[in-house]
Amino acid sequence: MATTLDLRTLQWLSKEYHDMNGTHYETLDKPPSALEFSRLVHISRPVVIKGFEVHALERWTDEYLIERMGDRKISIAVTPNGRADAITPGPDGKLYFVEPHIQQMTMHNFLLSLAPNTEKMSWPAENQEICYLQSQNGNMYTSQFFESSPDQERQSELSEFEPLKADVPSEIPWCSQAFDRSPDAVNLWIGDSRSVTSIHSGSDPYENIYTVIRGTKHFTLLPPTDGWYLQERIYPHATYTRPSPVSTLTTTPSPLTTSPIRWSSILNPHLPDTLPREAHPMHISLKAGETLYLPAGWWHHVRQGLDENFSNAERGEELKEEKTIAVNWWYDFEGRGMGWVWLNLLRSGDVPYGNTT
């Protein structure tokens, strides 16, 4: 029995899905009820939701974050190019999937690294490393938090961002009711326009609820039926390391026993003529106070801050606030039924190596 889809079938699925749905996305002026949201989840297309209020929207100035966090050390991803978890040439000329160097610093020092562009341009080259808070490990609320009973001792589960938890709800009522479960993780993201999240999805088993607190996020999205346009390859693993406290970052290949990584070879899918003309990307810019429902299986590339496609007035607002802060809730995807089977089928088959020599 065949276990993969041939090119002709993939092309038909992509065209059929686009003919039925286009690149339109729905925008809601207020958060949905649990019933309304469950219907949106059933359709499984991105939705922009306005009016979802969290305390962080009013409170999270730089001064507030610094005062609340004090001298606590937080884990920051550091790269030389703003591309953590991305395909990058290594010292031997081969392409690697490179994870960031993780550095401990205070919120004060981290926010200083995200200074306005005019200040950054005058910095010496050795100070141009790019910092991004993107730990993705439930850095505000972990799955263990939700598994604990209310009266259970949780000291071992304290978040790096414990002082900020009062500003972010651990779950979203209309989501938790619709999914019939609590989130698996809640994450905090802080960065500027130099940090880019490479396109990925594939095996993400999460329904993603993503709220911008400050700044702007720019999403390039493709449905699961368009994944084959993204030219996935197999790459060896590497990590940015710092041989000494005063040295610059170096790409360090992982031991040969480390599992290789399957990843898209397309670095900038938001740029014109980067994707095949048959692909159907959806572009969504999300501003402070707006929330994106990103269904499981959807491919997403994320930029933040300045955008050359905005009007002069909009760019002026972005220049005032280049830092971008967001929070997202990951809810486990429902594995029963056919949904996860279809997502896996769309990515089935052999994937070539990214380095051919």
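Which one of 23, 61, 27, 106 is of a type in the set (Ser, Thr, Tyr) and either within 30 Å of residue 261 (Cα to Cα) or at pLDDT below 95 (or both)? On inspection, the qualifying residue turns out to be 23. Taken over the range 115-147, residues that are small (Gly, Ala, Ser), more than 13 Å from residue 159 (Cβ to Cβ) and modelled with pLDDT of 60 or more amount to 1. Restricting attention to the range 222-251 and to residues that are in a strand (DSSP E or B) and open to solvent by 50 Å² or more (accessible area, probe 1.4 Å), the residue that is farthest from residue 299 (Cα to Cα) turns out to be 250. Residue-level check: of (1) farther than 23 Å from residue 167 by Cα; (2) modelled with pLDDT under 95; (3) open to solvent by 10 Å² or more (accessible area, probe 1.4 Å), residue 302 misses just (2). Looking across 47, 98, one residue alone is touching a His at 6+ places or on another chain (Cβ under 9 Å) and either among the polar types (S, T, N, Q) or at pLDDT 95 or above (or both). It is 98. The set of residues from the range 151-180 being at pLDDT below 95 and either in a strand (DSSP E or B) or among the basic types (Lys, Arg) (or both) comprises just one member, 154. Residues in the range 185-198 that are within 11 Å of residue 83 (Cα to Cα) and in a strand (DSSP E or B): 2 in all.
Conditions (1) modelled with pLDDT under 90; (2) open to solvent by 30 Å² or more (accessible area, probe 1.4 Å); (3) closer than 27 Å to residue 172 by Cβ, marked per residue:
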| position | (1), (2), (3) |
| --- | --- |
| 269 | no, no, no |
| 274 | no, yes, no |
| 323 | no, no, yes |
| 330 | no, yes, yes |
| 333 | no, yes, yes |
| 355 | no, yes, no |
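The number of residues in the range 32-50 that are open to solvent by less than 40 Å² (accessible area, probe 1.4 Å) and not small (Gly, Ala, Ser) comes to 9.
The set of residues from the range 8-31 being without any contact (Cβ under 8 Å) to a residue 12 or more places away in the chain and either surrounded by 15 or more Cβ atoms within 10 Å (Cβ to Cβ) or aliphatic (A, V, I, L, M) (or both) comprises just one member, 20.
Candidates in the range 235-250 are the residues that are among the β-branched types (Val, Ile, Thr) and out of contact with any Asp or Glu (no Cβ under 8 Å at 6 or more places or on another chain); of these, the one that is farthest from residue 85 (Cα to Cα) is 246. Using the structure shown, decide if residue 166 is among the hydrophobic types (A, V, I, L, M, F, W, C) and crowded, with 19+ Cβ neighbours inside 10 Å. No. Within the range 335-350, the set of residues being open to solvent by less than 60 Å² (accessible area, probe 1.4 Å) and not in a loop (DSSP other than H, G, I, E, B) comprises 339, 343, 345, 346.
The values are calculated or read from the model by the stated rules, or taken from the named source; none is laboratory data. Remember, it's a predicted structure, so these values are computed and weren't measured experimentally. Cβ atoms come from the backbone with ideal geometry, glycine included; neighbour counts cover every protein chain shown. Ligands, DNA and RNA are excluded from the accessible area calculation, which covers all protein heavy atoms including side chains. Shrake-Rupley method; radii C 1.70, N 1.55, O 1.52, S 1.80 Å.
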